[in-house]
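**Q** Before I ask anything, here is the structure I am working with.
The values are calculated or read from the model by the stated rules, or taken from the named source; none is laboratory data. This structure is a prediction, so every number in the text was calculated from the model and none was measured. Because the Cβ atoms are built from the backbone with ideal geometry, glycine has one as well, and the counts that use them run over all protein chains shown. All accessible areas refer to the heavy atoms of the entire protein, side chains included, with ligands and DNA or RNA removed. Shrake-Rupley method; radii C 1.70, N 1.55, O 1.52, S 1.80 Å.
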Amino acid sequence: MSEVNTTFQPADYAVCACTLMVACGIGVYHACTGGKQKTTNEFLMANRNMNPIPVSISLVASFISAITFLGTPAENYIHGCMYWLYAPSYILTGLWTSRCFLPIFYRLRVTSAFEYLELRFNKVMRICGMLTFFLQMVIYMGIVIYAPALALSAVTGLDLWGSVIAIGLVCTFYTTIGGMKAVLWTDVFQVTIMMSGFLALIIAGSIRAGGMGEVWSIAEKGGRIDFFNFDPDPTVRHTFWSVVVGGTFTWSAVYCVNQAQVQRYLTCGKEPVAQVALLLAVIGMVVVVSLACLAGLVMYANYANCDPLTLTSVKSSDQLIPYFLMDLFHTSPGLPGLLVSAVFSAALSTVSSGLNSLAAVTGEDIVKTIWPDMDELKYTKVTKCLAATYGILCIGMAFVASFLGDVLQAALSIFGMIGGPLLGLFSLGIFFPWANSKGALFGLICGLALSFWIGIGAQVYKPFVPTPGLNADNCTALNDTMMTTEDMMTSQTMMMMTSSLAPTVEERPAIAALYSVSYAWYSAIAWLTVIITGLIGSFATGYTKPSEVDPRLICPVVDAMYCCLPEKWKAPLRCGVEKLQPDDDTKEGVKVVNAENGLEFKAGSEVNPNTQYMQPPYPTEKEYNTKL
């Protein structure tokens, strides 16, 4: 392997600059057209009339963009392609979201997903859910900003933190002035670049390796092809069960209840349109993860006997893809710039969606609570300021992300540690009519405590993860571009020692066995903890009677997943919850029970002292401020 030139040419800088300018231009365009972002309905919800195609692309871009571009190929390069099995988990996630969660949000016509928690439980649970979401998104976006900046610094020599600031400021600019429409359409542009980048790497890399058949053969000989590990041990990092089952819970925490995704569904205006967008998004996610995994195998085929990590040509696995693209295209000025742009363009799409959703949640769940009568124009300006503020905050969180190691595992761990309990909280309200607010609060606290205990413990006592192995036995290069033989032997010896000297049981406390659980199970463990402890807390404090729960707030699994069963079978499986009637969304006096916050809805029919009512269109925060 000859020396790889990791210096950008002027054409590469020009391409990167043009990519950022296009993103800013889309923001400026939407700030100057249509309603000019003067209402929150346009700024936050794109007027609820978006086409499903840009929405579906944005759903793909929002959470599997920059992390996928950098982390997934590196995962397949080092550990093998078990990660590819996340594709079936996307399908299961899409099915669960479409049938069980999406109808609830459309039925209630919310802007913030956490409005559901107030209607089902009380105001306290709405605030708790919102704060949990804040924690998840701010940390996650810090990772997403840091990852592409790391890639840029690795291949261009640009200052790492200068890149962080540039990416963060551009994203904050077009999100703040262009609103949701700018976010959606920049996602379309950025996903196009990302897909082009993957295809370029796969095509050029496979040609250099001797074709796709040779790529697969080399990967198989290197132990990278393994889809049939059915080991039930939860401490094994990737198995069929942890990736497919655990992955379904991990991605459900994103696509079922995360505000950034729920907000995109609601921009479609109608539930069937949103379901089409979700279906297209599932297809897109499967395509993207397949291309990312294939890129990792192609990269392995090129470096199977001359590993850049062993040679210390790169310092971490997250720099492998930038190194590979510069190796392939450094003689073609402009092309490396385009492909590196794919990395940070993908990051822009994720961060912009996060900023918009954080602004929406803060405005709906906090600002409107404190100032319910704020006029529309002023409220829109406040949400724009909130988006800008969160942009600056996320730039700061990138510094924290620099200490989290592998970006892919760090990102998915965040989904599990924080998203898992949030998924459990919504699931407790939607599927279990006996749950009350006290049980929900207890369950959320227990779920967060356990997931953080395991997640932080795994950072302190890192579990040993065996790998198929890497080597640099057949490197050929000029003396001035390679390590000396002594240096190479030292590097290989250190890698062998690292692999063989895993911490023994005697060197680790007994509790460390808990920290060895695969990160892929974090979300499932947190979900199950919230459900079990939430139900225990509910029954201990006086459970809610299912017959008193409004059917609009519940999604019986039997109706969602087994609609073809006869009614005489389904009725007892609803656990006492009334059957949802076809005209329930339009009839007067929609009952909301167990509303323990003591608020009266102005809309609706006669108010009973023990229950509360509302009718479509469902009231916003400022409309229910009169105490019983």
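**Q** At 1.4 Å probe size, what's the solvent-accessible area of residue 96? Round to the nearest 10 Å².
**A** Estimated to the nearest 10 Å², residue 96 gives 50 Å².
**Q** So what's the net charge close to residue 320: Lys and Arg +1, Asp and Glu -1, counting the other residues with Cβ under 11 Å from its Cβ? Intermediate results must be reported in sequence, preceding the final value.
**A** Values: positive: 315; negative: 75, 307, 318, 327.
Charge balance in the 11 Å sphere: -3.
**Q** Then there is this: Order 79, 30, most accessible first, counting only protein heavy atoms with a 1.4 angstrom probe. Mind dumping the intermediate values first?
**A** Values: 79 60, 30 25 Å².
The ranking, largest first, comes out as 79, 30.
**Q** Whole Å is fine, so just give me how far the alpha carbon centre of the stretch 301-367 lies from that of the stretch 156-210.
**A** The two parts, judged by their Cα centres, are 7 Å apart.
**Q** Give me the percent of the accessible area of the stretch 137-286 that comes from carbon and sulfur atoms, probe 1.4 Å, all protein chains in place.
**A** Working: 3530 of 4910 Å².
On the stretch 137-286, the fraction of accessible area on carbon and sulfur atoms equals 72 percent.
**Q** Largest first, what is the accessible-area ranking of 377, 425 with a 1.4 Å probe?
**A** Numbers: 377 90, 425 0 Å².
Heavy-atom accessible area, descending, gives 377, 425.
**Q** Over the stretch 9-102, average the accessible area per residue using a 1.4 Å probe and give it in Å², no decimals. List each step's numbers first, then the result.
**A** Values: 3000 Å² over 94 residues.
With all protein chains present, the stretch 9-102 gives 32 Å² per residue.
**Q** For the stretch 219-356, build the charge dipole from Cβ charges (+1 Lys, Arg; -1 Asp, Glu) around the Cα centre, then report which of 338, 322, 232 sits farthest towards its positive end.
**A** 338
**Q** Among 104, 91, 58, which residue has its Cα furthest toward the positive end of the charge dipole of the stretch 36-118, with +1 on Lys/Arg Cβ and -1 on Asp/Glu Cβ?
**A** Checking the options against the dipole of the stretch 36-118, the answer is 104.
**Q** Same structure again: Using unit Cβ charges (K, R positive; D, E negative) and no other charged atoms, how large, in debye to the nearest 20, is the dipole of the stretch 84-176 about its Cα centre?
**A** Numbers: 6 positive and 3 negative charges, 105 e Å.
That gives the stretch 84-176 a dipole magnitude of about 500 debye.
**Q** Please report the accessible area of residue 329 (heavy atoms, 1.4 Å probe, ligands and nucleic acids excluded) in Å², nearest 10.
**A** 20
**Q** Further question on the same structure: Quick check: at a probe of 1.4 Å, how many percent of the accessible area of the stretch 40-133 sits on carbon and sulfur atoms? Don't skip to the end; give the middle numbers.
**A** Values: 1310 of 1980 Å².
Roughly 66 percent, rounded to a whole number.
**Q** Right, next: Order the following by accessible area, largest value first: 251, 161, 527, 185. Probe radius 1.4 Å; ligands, DNA and RNA are ignored.
**A** On the way: 251 5, 161 85, 527 45, 185 105 Å².
Final ranking, largest accessible area leading: 185, 161, 527, 251.
**Q** Answer rounded, prolate or oblate for the stretch 100-186, using the Cα gyration tensor with square roots of eigenvalues a ≥ b ≥ c: rounded when a/c is under 1.5, else prolate when a/b is larger than b/c, else oblate. Each step should come with its number before you reach the end.
**A** On the way: a/c = 3.23, a/b = 2.18, b/c = 1.48.
Note, shape of the stretch 100-186 comes out prolate.
**Q** Taking the solvent-accessible surface of protein heavy atoms with a 1.4 Å probe, what is the per residue accessible area of the stretch 112-248 in Å²?
**A** Details: 4510 Å² over 137 residues.
That works out to 33 Å² per residue.
**Q** While we're here: Heavy atoms of the protein only, probe of 1.4 Å, neighbouring chains included. What is the accessible area of residue 541 in Å², nearest 10?
**A** That residue has around 70 Å² of solvent-accessible surface.
**Q** Oh, and also: With a probe of 1.4 Å, find how much accessible area the stretch 316-400 has per residue, and write the answer as a whole number in Å².
**A** Values: 2610 Å² over 85 residues.
That works out to 31 Å² per residue.
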